[in-house]
Amino acid sequence: MYPRLLTLGPFHLLGHDFGPLYLYSYGLCMALALGFSIYLFARDAGTYIAPKVKISYEQGFQKAFDLGVWVIICSILGARLFYVLENHDQFTGSGWWGAFRIWEGGLVYYGGLFGAVAAGAVWMHREKWSYSYAFDLVAPYISLGQAIGRMGCFLNGCCYGNVDEHYGMVFPGGEDQLPHLPTQLWELGGDLFLFFFLIWIRKRTIRYPWLTFALYGFTYGILRFVIEFWRRSWDKHYLIIFNSASQAVSGILIAVSLGAMLWILLQNRKVKPAKRK
């Protein structure tokens, strides 16, 4: 794989030695994922949310980027916290300082998602933006960001699946030199499908508050739940029956999202939904 895309230096400048400096594929993909997702949401915020809070398109667009800063910070913190809690035995005794070394890797998507949602909710409350409308609008872009992020995992040689001699491939950055299933690419394909699906169906579901966001949670939960069966096997079990913490969270997410969708549809069964656009 290609964990490092570019190397600069070492070089001598003004009497000092610098470098070498590296451009990491994982970091680049994460930056692209967040950048594209925030930009697309900012366009929608300027078009659909700005008129509702009586500001201009430009103000709505800019405010969405302000929100994006908080989302980035809290998603990284949440992703790291989830990883530390899941692998707490690595950070006991003298190794506790390693919990703060984010640059060494160790981020979990669900922790990042929950951190981003929490940051978004607090920010929207302060700005008096509609929670449901904003989360419904952003739902497809979360899937797009995930797809780009998984490409970073593939290039970095992490988050691969179980050993498989027939369909696996060797990841130079992995813990061994055995062929592993490229589950990063499986999720990349699934996330791209969900992105286009949610963009298409959002035109119909946007009239029902929270339905698009709940549909994202339900569909991604299923995708991640299934893929976890082919991810690396650990000796741990979560909530007795799940292979991993992410699979356990996926199961909970599926149940909560399904319940939310049923509740939303039942609430609107006899009431013609108000047009939100």
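At a glance:
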{"item": "When residues of the stretch 155-176 are limited to those that are open to solvent by less than 30 Å² (accessible area, probe 1.4 Å) and of a type outside the set (Ser, Thr, Tyr), the one nearest to residue 5 (Cα to Cα)", "result": "157"}
{"item": "Test: residue in the stretch 73-96 that is part of a helix (DSSP H, G or I), over 30 Å from residue 139 (Cα atoms), among the small types (Gly, Ala, Ser) and open to solvent by 80 Å² or more (accessible area, probe 1.4 Å)", "result": "yes"}
{"item": "Of all residues making up the stretch 45-56, the number that are in a helix (DSSP H, G or I) and exposed (fewer than 15 other Cβ atoms within 10 Å of the Cβ)", "result": "4"}
{"item": "Extreme residue, modelled with the highest pLDDT, among residues of the stretch 227-245 that are surrounded by 19 or more Cβ atoms within 10 Å (Cβ to Cβ) and not in a loop (DSSP other than H, G, I, E, B)", "result": "227"}
{"item": "Residue match in the stretch 29-38 (condition: exposed (fewer than 13 other Cβ atoms within 10 Å of the Cβ), without any contact (Cβ under 8 Å) to a residue 12 or more places away in the chain and of a type in the set (A, V, I, L, M))", "result": "no"}
{"item": "Top-ranked residue in the stretch 183-193 [being open to solvent by less than 20 Å² (accessible area, probe 1.4 Å) and more than 12 Å from the chain's Cα centre (by Cα); ranked as nearest to residue 23 (Cα to Cα)]", "result": "184"}
{"item": "Meets criteria (within 21 Å of residue 199 (Cβ to Cβ) and more than 15 Å from the chain's Cα centre (by Cα)) for residue 44", "result": "yes"}
{"item": "Residues of the stretch 1-31 that turn out to be aliphatic (A, V, I, L, M) and under 28 Å from residue 179 (Cβ atoms), as a count", "result": "6"}
{"item": "Residues within the stretch 246-271 that are part of a loop (DSSP other than H, G, I, E, B) and out of contact with any Phe, Trp or Tyr (no Cβ under 7 Å at 6 or more places or on another chain), tallied", "result": "3"}
{"item": "Hits in the stretch 124-147 - residues which are open to solvent by 10 Å² or more (accessible area, probe 1.4 Å), farther than 16 Å from residue 46 by Cβ and assigned to a helix (DSSP H, G or I)", "result": "125, 126, 131, 132, 135, 142, 144, 145, 146"}
{"item": "Long-range neighbours under 7 Å by Cβ, at least six apart or interchain, first residue closer than 12 Å to residue 127 by Cα within the stretch 49-68, second modelled with pLDDT of 95 or more and surrounded by fewer than 13 Cβ atoms within 10 Å (Cβ to Cβ)", "result": "50/56"}
{"item": "Identity of the residue in the stretch 171-210, in contact (Cβ under 8 Å) with a residue 24 or more places away in the chain and among the acidic types (Asp, Glu), that ends up nearest to residue 133 (Cα to Cα)", "result": "191"}
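The values are calculated or read from the model by the stated rules, or taken from the named source; none is laboratory data. In this text the structure is predicted, and so the values were computed from the model without any measurement. Glycine also receives a Cβ, built like all others from the backbone with ideal geometry; neighbour counts cover every protein chain displayed. Heads up: the accessible areas ignore ligands, DNA and RNA and are worked out on the full protein's heavy atoms, side chains in. Shrake-Rupley method; radii C 1.70, N 1.55, O 1.52, S 1.80 Å.
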